[in-house]
Every structure is written in C-alpha cells, then in structure tokens.
Amino acid sequence: MDGHHLPPSHQSPPAQPERRGSFNYDIESTDAAWRGAHTASEALLRYDDDGPREPLLRKRTTNTTSQIAIVGANVCPIESLDYEIVENDLIKQDWRSRKKKQIFQYIVLKWSLVLLIGLCTGLVGFFNNLAVENIAGFKLLLTSDLMLKKRYFTAFLAYGGCNLVLAASAAAICAYIAPAAAGSGIPEVKAYLNGIDAYAILAPSTLFVKIFGSILGVSAGFVLGKEGPMVHTGACIANLLGQGGSRKYHLTCNWLRYFKNDRDRRDLITCGSAAGVAAAFRAPVGGVLFALEEAASWWRSALLWRTFFTTAVVAVVLRGLIGFCRSGKCGLFGQGGLIMFDLSATIPTYSTQDIIAIIVLGIIGGVFGGLFNFLLDRILRAYSFINEKGAPYKILLTITISIITSACSYGLPWLAPCTPCPADAVEQCPTIGRSGNYKNFQCPPGHYNGLASLFFNTNDDAIRNLFSSGTEKEFHMSTLFVFFTAIYCLGLVTYGIAVPSGLFIPVILAGATYGRIVGTLLGPISDLDPGLFALLGAASFLGGTMRMTVSVCVILLELTNDLLMLPLVMLVLLISKTIADSFNKGVYDQIIVMKGMPFLEAHAEPYMRHLVAGDVVSGPLISFSGVERVGNIVQALRITGHNGFPVVDEPPLSEAPELVGLVLRSHLLVLLKGKGFMKDKVKTSGSFVLKKFGAFDFAKAGSGKGLKIEDLDFTDEEMDMYVDLHPITNTSPYTVVETMSLAKAAVLFRALGLRHLLVVPKTPGRPPIVGILTRHDFMPEHIHGLFPNLHKSH
C-alpha cells in the first residue's frame, strides 16, 4: 500500500475525538492512540437545477479498494511508483557535491543505455522471427509432404501433434515460471508507466518466458501475434538494464546505480516499449508514436528524442540482419519473416464512390471492434475462473484451444472448392514449399485451395496474401466469409490462455478479410484494388478495438510502404474509433480495469467536482516526530504497509506544531539498519547521517530486493532510544489545502506523477496535517464506498 491506509487485518477502532496539541504519540501505549483523519465535512448536499437534493452521507471507512490486482492469472499486491524528486539534507548534499565529470558520466550512461535497449530489442525481435519462421516452416513442410503422398490423416496427426506439443510447452513455462508473462503485456506496461508497480511485471523470468513462450505460441498456429509481447519484452529489457541487472541471476553492473530511481526507469521503459513496436513491425516512427499515444502517461521533449534514437537503432539492427538472411543462411527465414507488406507498386486513385465505401468500412470496423471488446471482456472473465484453479488447468485450457485451432485450420480448407490457377499469376501456382499465395492442399495439379492459402500459412504470410495486389479473383466470397468468422472467433477464445499473445495480428487478419470482402463486393463501382481495401479494413478494425489513431496510421504506412494511402487510412481510423467509443473503452483499457489496476486517467471524473480533498482522506493517520523513539517507528512499520509517513515537529523541537515533511518507508529502514541512535530526544545537526550514508544507500533497489522490517533486529535498549529523522525527511512534499476540489487534486496528482499528496488544514489551530491522498483515494470504488448516493454521471 502507498500511504496511510491500513490493510484489512488492521482495521481501526472508531475514530476518536480530534485532539490538538501533542500530535505525535506512542503507538504501543493504547489502541485509543489511533487517530482518524479529520474530514472537511461528514455530509454534503448534491445540487441540480431544482436546488439541493439528498445529502451525500459519508461512510466512515478505511480505504481497502484497488490494492490488489490480477497479474497474469494470480492476484498480487499493488504498489505505486514514486516519480517525485525527494529533497532532503542527504540528497541536497549529494547534488552539491556532484562534479561536472559525474554529470557528464550520467548523461553518457543514459544515452548508452538507450543504445543498448535498441540493440537488445532488435536482436530479440529478429531471433523471435527467425525461430518462428523455422519452427512453423518445418511443421508446414512436414504436413505438405505427407499430403502430397495422399496421407491426409497422418498429415493431420503430424500437424495437430506439432501444434499440441508447442502449445503445451508454451503454457507450461508460462504457468510454472512466470504467470505474469501471459497475454499481451501492453496493459501491464501501460499501467507501469502510469505509476503502478505489480509483482514480477518486468522481472527477468517474465522476460525469458515472454520471448520463448511467444515463439512457441506463434509457432503452434494460434491466432495470436508476437507484436504485443514484443512491447512487453522491450520494457523488460529496459528494466533489467536500468536496475543494473539482476542479483538473483548474477547479472549485475554497479556502474548502472545512477538509474536506481523510478523516474529514470520510467524513461527507459518508455524507450523499451517503443523499441518493441519498432522491432515487431519494422516501424521506428510508429514505435515512438505508440509510446506517446498509448503507453506513456508522462511525456517530455527529451524523452521523445531518446525514444526516437532507440527505435532508429532497432531499425538499423533489423535492416542489417535481414540483409544477412537474404543470402540464405537463416534456414527457412524468408519473406514471411519480419512482416513487410509492400503495396507501393499499386497506385491508388480514388473517387467519391471510394470515399463512401471507406466510410462504410469505418462504420463496420467500429461496430465489429466494439463487439470484439465486449465479447473479449466476457471471455476473459470466464477464463479467470479456470486459470485461478492452478497451472494444470491453464495448460489444459491451452491444449483445448490448440486442438480447436488445429481442427479449424486443417479441417475448414476441405470445405473450400479447388480453383484453377490463374494464367497471369505473378507467383508460382500452386505454391511448392511453405509460403505463397496459392496453396495446393488436397487439390489436383494446376489448382489451388483459397482457404488453405490463408489458414495453412503463418499469420504473417496470411496477411501478406490478403494485402497482395492484382489478386481480385484469388479468393471466393465464401472463402473470405469462412476465414473471417473463424479468425474473429478464434482470436477471441485464444487471447485469455496462459501463453504470451498479442492482439495486433488477429485484429489485422480479421480486418483485412472483411476489408477484402467489401472491396470484392464494391468492385464494379470502385477503382481501388481489393488489397488496398484489405489494408483499410485492417486499419478500421485496429481503430475499433485498440482506439489508437496516429500510431496505428503510421505503423500501417511503414508496414506497407504506401504513403499515398495516408488520407484514406486517417479517415477510416477516425470513423471506426468514433463509432466504437460510443460502445465501450479500448481493449487495453478494459483489460486494465478488469485486472483491478488502479489506473489514473488524464482527466478527472465529473462527480469529483462535487467533493473536496478532505472528503476522501481516510484514516487512521500515523505520523512521527522529527526526533522519534525507535520502538514507535519499528512498531508502525511492522503493523502497517504504509510507504510514507508525515513528520511533525512539536514543542520543544519547535515553537508550535509544524509539518516538517514526509519520510519514506524505504529510507526509514536504511536509517534503522545504520543504528545511529541517541539516548536523548534532541535535534542533531544530521552530521552522523551525512557521514555514514551516501545518496546511493537510499536509492531504490531492484524488484524484490529492498530491505524489509523483518530483516532488522533490535535490542530492548535500542527500542527505547531515539533517532533524528530530519536529515532523511523530504522537506518539500506536494501539499494541497483540504478544501481543494477532488477533481483538481486528481489532475495535479497524475500530472506530477505523485505517490503521496499531503492534505493540510485550511484553518489555524489544528494539527498541521489532515491526511495523505494516495492513488487509491482517487479510485471510483473508494469514492463510491464513501458516498454511496454519488452518481457517476454527475
């Protein structure tokens, strides 16, 4: 937990009457010493045009909402990240003592790190594609060879068996090693960049499973992509480098200690997520825009420049490696590798009729996208009941979906008619080998199976076939309808299984299919190629599900190398997003809500305007004196999960009670471990702390490595001694007056990336602090728990 809230096991007794004067207290003395936070008002009147309505009676409660969330399929505690710059005596001394050489070293290291992130993400992206193309290529060649020998049932057993083994392997490593690696990973990265830190989201084990689980899952023929997991992979690589490696796996670098704070890690992980998109789509500018539009909650010009540099490095690495593979040294890695659908040979000329067709495509994309998100939400909720039963059930679910997918991709092409090869075919027909537009399947020589050309390929090759130009007659309408229905349904049921899985490819596949259907239907009145309609269909479905516009537009243009389509892609994205927004939220936003992540939106909810900061502060509040008894600190740390404590000086340390600032739990633990205690309660100069500790001693540890109160032991004599908290107290925390509107406080909290926002009284003569606002205090569950009569629409 982040601030002053008690866990459910430590519910407070009823709030005591407010006491003035002695603001600090001995926690061990009596339960009556718990102090509830003062609230500005216990009842508010809600107004409308006709005057006051019923009062918003506040329930007395502690905040216990949104403090756990689903990570992978497991319920885990949630912490907040702290982007605030701590200003205490120790940090100030460190700033003053830094020489130009150290500042230069820091800047060089930062640029070196983003270079490393780009290199590593590019290499991983290439390795993923290389592995998928070779594993899937071997599987498809084996099946094709058996089919040429008319051994159809053996071919199905080989095909389904390979898929089953690959799927079970992916599910096993995901379920047993890193459950957090399941799914896309984009919602988790988006939540992290919003300030939410959940267990193992970016751990080295998650990185390992994300890479190999994604390879196995995509090779298993599932209707999923490796693009979403690549974003998570890039973020994991950035986190691993930014925290100086991993002690657990003996991969550490002391010279990276400069970045042991949430602010620098946030910047690096933003670069990592952009690099992931660049590696997945070969779209460096699209990667930057994806990080800006979808992933990051905080942005600035310096970060834009660093992110652009990272994605440029990725692009150079991929270009070099693909050039190497064209020499035939990469096995079966061919055209299907890094998806690149070059449509630039087709010169689009469009008229008024085409614009009408594109508007229709946008409306279809919005409706299908809204429906997709609605159904996906229901399916994920159903899957959660299966996944929470344990790893064997996760693997069983994955195997079941694998069998269904194999049966569809092998069985459905038998329903399609055999089509004679076109005389003017650009490519070889029927295709001999693993990839191509014209799959022979069970057809006689000189014929091809259109449905097999889509199903019996890697997903990247299927998209290439749909986007291909000059193939108006290649696919029958029945073929496209069957493929769209199958992909739409399989995409829905596949996403929730325990395998790293992205939504980009299923959405592009389904969108390109109905785009081609519309293009074929409107062929007589439209001059546009069906391949271009497929591109616009993919754009409309992406806009309808993910609600991204600028980044998707640029990614698709970089993918297809077709700048002339820019106005049409923009139009179709805007229409589909507008239509879909009237139904529900974007798919990643829905998943964040479903997982219980306390995500802060950029805007405040309308009902927050009717409340003030003091209304939602929940008690009890625990504060320390500037010179505090060790036993009090230890007891507070043991019985609460709070991460921030107000420090208040009272006479004789000051003339009147005054707020010194805020001290962090992690800093208290480091100070207690140093055991610089005193026998008398006197304020010191802080020289002991400044001599004994450096700023790096208080730097944030990597995930799971920080000090815990259970690690420290104290004698009875030490527990009765005192420690001066002034040198480690942040003397300039952000504060708001208790009468500030909650809407304004919420915008301030998110804009500054805070973990704690102190609420101070408006009138003199009261204790100098009312309470602390944390992320959870702005959550709708907490606010509506306090004010049940508050309507969300107001």
Heads up, I need the accessible area for residue 692: 1.4 angstrom probe, whole protein in place, Å², nearest 10.
100 Å²
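Anything over 25 Å Cα to Cα? Flag those among 260/673; 679/762; 394/708, in the order listed.
The answer is 679/762; 394/708.
If you wrap the stretch 352-595's Cα atoms in a convex hull and average its projection over all directions, what's the area in nm²?
Averaged projected area of the stretch 352-595's Cα convex hull equals 13.5 nm².
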Positive minus negative residues near residue 179 (Lys, Arg vs Asp, Glu; Cβ under 15 Å)
+2
Relative packing of peptides 632-641, 754-763 - highest average C-beta neighbours within 10 Å first:
754-763, 632-641
Give me the accessible area per residue for the stretch 353-490, probe 1.4 Å, as a whole number in Å².
41 Å²
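Net charge near residue 526: determine it from the other residues with C-beta under 15 Å of the C-beta of residue 526, scoring Lys and Arg +1 and Asp and Glu -1. Could the numbers behind the result be given before it?
Working: positive: 516; negative: 354, 472, 527, 529.
Every neighbour counted, the sum reads -3.
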Can you tell me the order of 283-295, 94-106, 722-734, 378-390 when each peptide is scored by its average per-residue count of other Cβ atoms within 10 angstrom, highest first?
283-295, 722-734, 378-390, 94-106
Whole-number percent relative contact order across the stretch 463-615, with pairs defined as alpha carbons under 8 Å at least 6 apart
20 percent
Given charges at beta-carbon only (K, R positive; D, E negative), |dipole| of the stretch 352-595 in Debye
900 debye
What FRET efficiency, computed as 1/(1 + (r/R0)^6) with R0 = 22 Å and r the Cβ-Cβ distance, is obtained for residue 327 and residue 127, rounded to the nearest 0.05?
0.80
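The values are calculated or read from the model by the stated rules, or taken from the named source; none is laboratory data. Quick caveat, the model's predicted, so the values are computed rather than measured. Please note: Cβ atoms are built from the backbone with ideal geometry, for glycine as well, and neighbour counts cover all protein chains shown. With ligands, DNA and RNA removed, areas are computed over all heavy atoms of the protein, side chains included. Shrake-Rupley method; radii C 1.70, N 1.55, O 1.52, S 1.80 Å.
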